Structure formats: structure tokens, C-alpha cells
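Asks: First the structure, which I've put down as C-alpha cells, then a few questions once you've had a look.
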Amino acid sequence: MSAKILIVAEHDGARLNPSTAKCVSCARTLAGAEITVVVCAVDAAAVAAQAAQLEGVSRVITLENAANQHALAAVLAPQIAALAAPYTHLLGPSTTFGKDLMARIAGLLEAPQVSDIMAIESATRFRRPIFAGNAILTVETSAAKLVGTVRAASFEAAASGAAAAPIEKASVAAELPTHTRFVSVSAAKSDRPDLQTAARVISGGRALGSAEGFKILYRLADKLGAAVGASRAAVDAGYAPNEMQVGQTGKIIAPELYVAVGISGAIQHLTGIKDARTIVAINKDGEAPIFEVADFGLVGDLFQVIPEIERLIG
Amino acid sequence: MKRILVGIKRVVDYNVRIRVKPDNSGVITEGVKMSVNPFDEIALEEALRIKERGGAEEVIVATVGPADCQQQLRTALAMGADRALHVQADGVIEPLVAARALLKLIEKEQPFLVILGKQAIDDDNGQTGQVLAALWQRPQATYASKLELTETSARVTREVDAGLETLEVDLPAVITTDLRLNEPRYVKLPDIMKAKKKPLETLTLPALGVEPRQQLKLVRFEPPPQRQKGIRVKDAAELVEALKKKGLL
Ligand SMILES: Cc1cc2nc3c(=O)[nH]c(=O)nc-3n(C[C@H](O)[C@H](O)[C@H](O)COP(=O)(O)OP(=O)(O)OC[C@H]3O[C@@H](n4cnc5c(N)ncnc54)[C@H](O)[C@@H]3O)c2cc1C
Ligand SMILES: Nc1ncnc2c1ncn2[C@@H]1O[C@H](COP(=O)(O)O)[C@@H](O)[C@H]1O
């Protein structure tokens, strides 16, 4: 039996989130898989068109409903569960959107879920990190239907520009709950690249000392076209907003260049950067564990080193 | 009675350096420090604060797992929970089984609020709260960093990739905690003594009518690929030079 995979698209109403293209890449590693993307929206046209162009996608289904204005798991899950019958696998990204939603779908279907898939070995066999990435587990399922979230950092985005796959409007008879209501979202507006897709990331830790202290990182980041991240300690202390946290319980990223500034390198932080191509550590303590994973380590005071780097790159 | 139910999972302490067994059958847990999952401590702390404010009358902690888990339930009782429910179960307990068992406890105890951790730091599944909410057909508010209650609803601020999202959910509901919801209290010695006298009830999966089905076989555990240790540079100039050479600047 060949795999039929349904991927739940993440989007903001206008643009497809890059994590969806990574789910497609993940699904494509399963030879012969037939890949369908489902877009839940009020008006799905623009996002569906983008999904239809991803290489490997054979069909896009849209579920349009006024209730889909905000991505509420309790509202989306019954719609997707109602579509699930023909599929062997339902995948979504390991983002807060996907983690919140896919497990609710798994609950409705009473199907097992594999979280944070980093490799598909066969239609029934998967690899995933556990214990904050300190062990890699291979799991095998006997279930006929499986839900999964895809660890985006493990996959390149599927290319866009393929001949557009057909787009079909679907409607499902699921009853949608009203017990969950969107109130607001506050997202810091930033012109910097998105942390999850940026090629370069500079992160600051507790050592930055204040929100004011973080400014030296923003200045350098802007010169390099880099995104800025933070350790949990820096976020807890209010030096940086929560969406900047990198690590086991923050964002898992895979930039070309990661610069850890005044970050000690706790395992929970390192989990978030394991797939970075090159890691640079700047820390005044030569014994800090971050140096064990750094490709380039510089022992020094960040408040001297960072301005100097900025000067040197002009 | 206004009750809050809190899920407690026993996990390898977050400070332990995890090592995979040489035969790849699991990770080494012999002689390793075990603790309450950090997110569950936060869940319990939140429940206790709600009770202390007069928003609840009883805080119940529950775990599904082997006999050893009672240690973590005792810790939770020492933190301030009123009573504990231990659903005895051996082997791997998948989120669906844990959620089904918790649902049975919900049916019994009728809590107006259920608080779980957003993820267990051993399996890193991050599923149980959502699965439970789906089975219960009630709202979920995951990754909570702020929780405000009224008589009939909860306003929850959630840590999402974009920033902070606020939802309003009708009660009863399932909340899962993020790290910044609160800072859990420390357990004091006299409380540990007092906790020994608090009720801890033991149940079993069959008695609850839940089948301990395992649908994901754990085939093989491996250590992650190690990153090669790199080089030390002496100053900013050498660093910039090295990065330029690699085409990174
Ligand atoms: C369940 C759980 C989940 C967690 N999830 C995450 C997560 O997702 N992400 C995360 O980051 N953490 C996470 N943590 C926290 C983690 O364990 C560490 O506490 C945290 O990463 C430490 O942050 P830090 O490195 O900024 O601070 P510290 O450990 O305090 O390190 C500060 C570093 O700065 C250096 N320093 C000080 N002054 C200077 C200076 N002037 N110049 C240069 N260097 C200087 C010091 O030598 C030190 O190494 C989690 C913890 C738990 C229990
Ligand atoms: N066996 C269990 N017993 C009690 N609570 C659990 C159990 N497994 C998971 N939970 C709860 O569900 C949360 C998420 O777990 P998980 O889905 O395994 O990452 C945990 O933080 C606990 O609050």
C-alpha cells in the first residue's frame, strides 16, 4: 500500500509559512508517497496557490470557513479529522501552530502521533529526538493511520515553481465549537529576518544584562542581515521577548552561522542549535560548555568583542 | 467542590547528562536522579496559587505510571496539593493512554480546570494535553504564560512562535504550561513530613477501563551525532578573518 500523506498548511492568511515546504520535503523522502496539502482559511486562494507550486505536491484541498480566521486548534482539528479517512499519514510542522493542532487531531482520531520527525525510514518507521536531543529514537508503528509533526530544522524547504497542482474546494460537515475564542496576538514588528529561517543568527544570554544591553547585538545583526535570538535566561529576565528564545522549549533552528554571545551552553539551549552549520561562541569563561560545540570559540568580554567585530566588518 | 486536576509525570531530572545504553535499548536510568517534570511543577504551582486566591477548593495531582511515581506524587503533596491519584501502569505509557486515564479521573472528580505541562522533558512528545482536550471535547490553551479566571471562562496568554496570543476559553478546559507562567515554590522540610499524611489513592488502568495499548514500538535508541570540537581564536580580528575564509561573512 502506498502512502497517502495529508499535510496541514501553516499560513497567516496571505503567505504560506516556510515550515510547510519543509513538511513537503519530509513527506517526499517516502518514495511513492502521494502528497496532499490542506489549507484552512477564510479565503484560501492565495495560500493554496503557493502550496500548489511546491515540488512534490499532487493536490491542494481548501477548507474555507469564516471560523478559520484564526488558527484555533479546537476549530481546525475537527475539520481536518473529517478529511482524514483516505490518508495514511497526517503531518504538520513542529511549530507552536503544528504542535498545538496535530496532537488535537491525533486525539480526535485516537491515532498515535510521532512528534518532531527528523527522518522517515519507511511508512511505519521514523527517527526523532528525545531528552532534549540527547538521544535519537527510532519508532515503528503498527497503526493504519499516523499523525506526525515535522522537525523543520531537519529538512530543506521543497522548491517552489513546479507546475501547479490542482486545487479543490472541500467542505466538511464537522460541527465547530465556539468554546474557544481568539482575543489578540501581540507580535513585535521587526525588519530583521525571521529567526526560524534566517541564514545567520546572533543570540544573547544572561550576560547581556538588560534589554538595553541587547542593543549591541541588534546593531551587529543589522550589519550582518542576521536574526537575533536569546537564551531562556535572557527571556526570563525580560531582556528579550519570548519569541526570541532558542532551545528545547523555544525555537529549533538550523542557520548557516550561529553566534552565541554570553550564553553558557546548557543542554536545553544546545538542543535548539544542533543543526547550525557553524557555531561561534563568545564567552568570558573559557570553561563554558558552549565551547564544546563551537566551531570557533573566543574567550573574552562581549562588551569589548562585539563592538570590535562591528568595527572590523565595517 | 471546585477542583483543579494537575498531571504529574516522573522524569529524569533536567540536570542529568543523558546516556544511551550500550545495547541501544534505552537510556540509562539506574542510579539517576528522578524529578517531577519541570512543566508539571509549574502546573501545580499555578493550581496552588489559584486555590490560595480562593479560586479553587481542592488541588488534585495525578500520575499514570509505575510504583516509583509515588515519590513524585509525594513531592507534589509536599508542595501543597491536597490529594494524589496514582494510576498504576508499567511499561511505556503513550499520550493516548495517559489521556484516556486522565479523562476517567476527570469524569470521577469533575474538575473545572485541568493543568498539564506543555511537554514531558523525557519523551518530548508535547501531546497529552491536546489529546486529552480532544477526547474530553473541551477547549485547550497550550503554552500558557498567563492565566486569568472568571467563574465560567479563562483568559490565557500563550507563548507562540509569533509572540504572545491571548485566547478566551469556556470552562472546564485543559491548560498546558510554558516556563514563564510562574516560578514554582521550594518544598520545605515540615511540608514533606505533612505530605506523608495526605491521601494518595492507587488505581489501575483495567479498573478505569483503559487498555494499556502501545502503538509505537521503541526500536532503537542512539546517541546524537557529536559536533566536532572546533578551534579557539585569540581575538575579534582572528574570528572575523576565520569567518570570512569560510565565506560566512
Ligand atoms: C525544562 C527546561 C527547559 C529549558 N529550555 C530552555 C530553552 O529552550 N532555551 C534556553 O536557552 N534555555 C532553556 N532552559 C534553561 C537552561 O537550562 C539554562 O538555564 C539557560 O540556557 C541559561 O541561559 P544563559 O546561558 O543565558 O545564562 P547563564 O547560564 O547564566 O550563562 C551566562 C554566560 O555568560 C557568560 N558571561 C557573563 N558575562 C560575560 C561577558 N561580559 N562577556 C562574555 N560572556 C559573559 C558567563 O560566563 C556564562 O557562561 C531550560 C531549562 C529547563 C529546566
Ligand atoms: N503518565 C502521565 N501521568 C500524568 N501526567 C502525564 C503523563 N504523561 C504526560 N502527562 C502530562 O502531560 C504533559 C505532556 O506530556 P507529553 O505529551 O508526554 O510531552 C506532562 O507535562 C504531564 O503534565
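Asks: Counting only residues that are of a type outside the set (S, T, N, Q) and within 15 Å of residue A:150 (Cα to Cα), how many does the stretch A:106-135 have?
Replies: Residues flagged as of a type outside the set (S, T, N, Q) and within 15 Å of residue A:150 (Cα to Cα) within the stretch A:106-135 amount to 17.
Asks: For the stretch A:271-287, what are the residues that are surrounded by fewer than 20 Cβ atoms within 10 Å (Cβ to Cβ), more than 8 Å from chain B (Cβ to nearest Cβ) and under 31 Å from the mean Cα position of the chain (by Cα)?
Replies: Those that are surrounded by fewer than 20 Cβ atoms within 10 Å (Cβ to Cβ), more than 8 Å from chain B (Cβ to nearest Cβ) and under 31 Å from the mean Cα position of the chain (by Cα): A:275, A:277.
Asks: Quick check on the stretch B:54-62. Is at least one of its residues out of contact with any Lys or Arg (no Cβ under 7 Å at 6 or more places or on another chain), in a helix (DSSP H, G or I) and surrounded by 18 or more Cβ atoms within 10 Å (Cβ to Cβ)?
Replies: no
Asks: Right, here's the next one. Hey, could you check the stretch B:141-189 for residues that are part of a strand (DSSP E or B), small (Gly, Ala, Ser) and closer than 22 Å to residue A:195 by Cβ and say which is nearest to the other protein chains (Cβ to nearest Cβ)?
Replies: Step by step, filter the stretch B:141-189, then rank; the result is B:163.
Asks: Okay, next question. Go through the residues of the stretch B:29-46 one by one and say whether even a single one is outside any strand (DSSP E or B), hydrophobic (A, V, I, L, M, F, W, C), out of contact with any strand residue (DSSP E or B) (no Cβ under 6 Å at 6 or more places or on another chain) and at pLDDT 95 or above.
Replies: no
Asks: I've got another one for you. Considering B:135, B:149, B:116, which residue is touching a Gly at 6+ places or on another chain (Cβ under 7 Å) and within 12 Å of ligand 2 (Cβ to nearest atom)?
Replies: Step by step, each of B:135, B:149, B:116 is checked, and only B:116 is touching a Gly at 6+ places or on another chain (Cβ under 7 Å) and within 12 Å of ligand 2 (Cβ to nearest atom).
Asks: Which of (1) within 16 Å of ligand 2 (Cβ to nearest atom); (2) in a strand (DSSP E or B) does residue A:61 not meet, given it meets every other one?
Replies: Of everything listed in (1) within 16 Å of ligand 2 (Cβ to nearest atom); (2) in a strand (DSSP E or B), residue A:61 misses just condition (1).
Asks: Quick test for you: out of B:119, B:130, pick the one residue that is away from ligand 1 (no atom under 16 Å from the Cβ), under 13 Å from the mean Cα position of the chain (by Cα) and either part of a helix (DSSP H, G or I) or within 9 Å of another protein chain (Cβ to nearest Cβ) (or both).
Replies: B:130
Asks: Being within 12 Å of ligand 1 (Cβ to nearest atom), closer than 30 Å to residue B:19 by Cα, assigned to a loop (DSSP other than H, G, I, E, B) and of a type in the set (S, T, N, Q) narrows it down to one of A:248, A:268, so name that one.
Replies: Checking each option against the conditions leaves just A:248.
Asks: Got a sec? Which of A:298, A:312 is farther than 12 Å from residue A:216 by Cβ, of a type outside the set (Asp, Glu), facing chain B (nearest Cβ under 8 Å) and within 12 Å of ligand 1 (Cβ to nearest atom)?
Replies: Exactly one of A:298, A:312 is farther than 12 Å from residue A:216 by Cβ, of a type outside the set (Asp, Glu), facing chain B (nearest Cβ under 8 Å) and within 12 Å of ligand 1 (Cβ to nearest atom), namely A:298.
Asks: Which residue, of B:197, B:234, B:229, is more than 11 Å from chain A (Cβ to nearest Cβ), of a type in the set (D, E, K, R) and loosely packed, with under 13 Cβ neighbours inside 10 Å?
Replies: Criteria check complete, one pass: B:197.
Asks: Now for a separate question. As an exercise: evaluate residue B:38 against (1) within 14 Å of chain A (Cβ to nearest Cβ); (2) in contact with a helix residue (DSSP H, G or I) (Cβ under 7 Å, 6 or more places away or on another chain); (3) touching a residue at least 60 places away in the same chain (Cβ under 8 Å) and give the number of the one condition it does not meet.
Replies: In the conditions (1) within 14 Å of chain A (Cβ to nearest Cβ); (2) in contact with a helix residue (DSSP H, G or I) (Cβ under 7 Å, 6 or more places away or on another chain); (3) touching a residue at least 60 places away in the same chain (Cβ under 8 Å), residue B:38 misses (2) alone.
Asks: While we're on this one: Specify which of the listed residues (B:12, B:27) is within 16 Å of the chain's Cα centre (by Cα) and within 16 Å of ligand 2 (Cβ to nearest atom).
Replies: One residue alone meets the criteria, B:12.
Asks: Test of understanding: among B:110, B:88, B:119, B:70, which residue is at positive phi and in contact (Cβ under 8 Å) with a residue 60 or more places away in the chain?
Replies: B:110
Asks: On to the next question. With the structure loaded, tell me whether residue B:102 is away from ligand 1 (no atom under 16 Å from the Cβ) and away from chain A (no Cβ under 12 Å) or whether it fails that test.
Replies: Spelling it out, it is not the case that residue B:102 is away from ligand 1 (no atom under 16 Å from the Cβ) and away from chain A (no Cβ under 12 Å).
Asks: Quick one: residue A:38 ticks every box in (1) under 22 Å from residue A:107 (Cβ atoms); (2) assigned to a loop (DSSP other than H, G, I, E, B) bar one, so which box is it?
Replies: If we test residue A:38 against (1) under 22 Å from residue A:107 (Cβ atoms); (2) assigned to a loop (DSSP other than H, G, I, E, B), just (2) comes out false.
Asks: Kindly check whether there is at least one residue in the stretch B:211-220 that is more than 11 Å from every other protein chain (Cβ to nearest Cβ), surrounded by fewer than 20 Cβ atoms within 10 Å (Cβ to Cβ) and closer than 23 Å to residue B:66 by Cα.
Replies: Within the stretch B:211-220, one or more residues are more than 11 Å from every other protein chain (Cβ to nearest Cβ), surrounded by fewer than 20 Cβ atoms within 10 Å (Cβ to Cβ) and closer than 23 Å to residue B:66 by Cα.
Asks: For the stretch A:113-144, how many residues meet the condition of being out of contact with any Ser or Thr (no Cβ under 6 Å at 6 or more places or on another chain), touching a residue at least 12 places away in the same chain (Cβ under 8 Å) and either part of a loop (DSSP other than H, G, I, E, B) or hydrophobic (A, V, I, L, M, F, W, C) (or both)?
Replies: Matching residues across the stretch A:113-144 total 11.
Asks: Does residue A:268 satisfy the criteria of being within 9 Å of chain B (Cβ to nearest Cβ), within 16 Å of ligand 2 (Cβ to nearest atom) and on the phi < 0 side of the Ramachandran plot?
Replies: yes
Asks: If a residue has to be at pLDDT 90 or above, within 19 Å of the chain's Cα centre (by Cα) and more than 7 Å from every other protein chain (Cβ to nearest Cβ) to count, how many in the stretch A:171-195 make the cut?
Replies: Of the residues in that region, 4 qualify.
Asks: Taking the stretch A:33-70, which residues are over 22 Å from the mean Cα position of the chain (by Cα) and of a type in the set (D, E, K, R)?
Replies: Within the stretch A:33-70, A:34, A:43, A:59, A:64 qualify.
The values are calculated or read from the model by the stated rules, or taken from the named source; none is laboratory data. Note that the structure is predicted; figures quoted are calculated from it, not measured. Cβ sites come from the backbone with ideal geometry, for glycine too, and all protein chains shown count toward neighbours.
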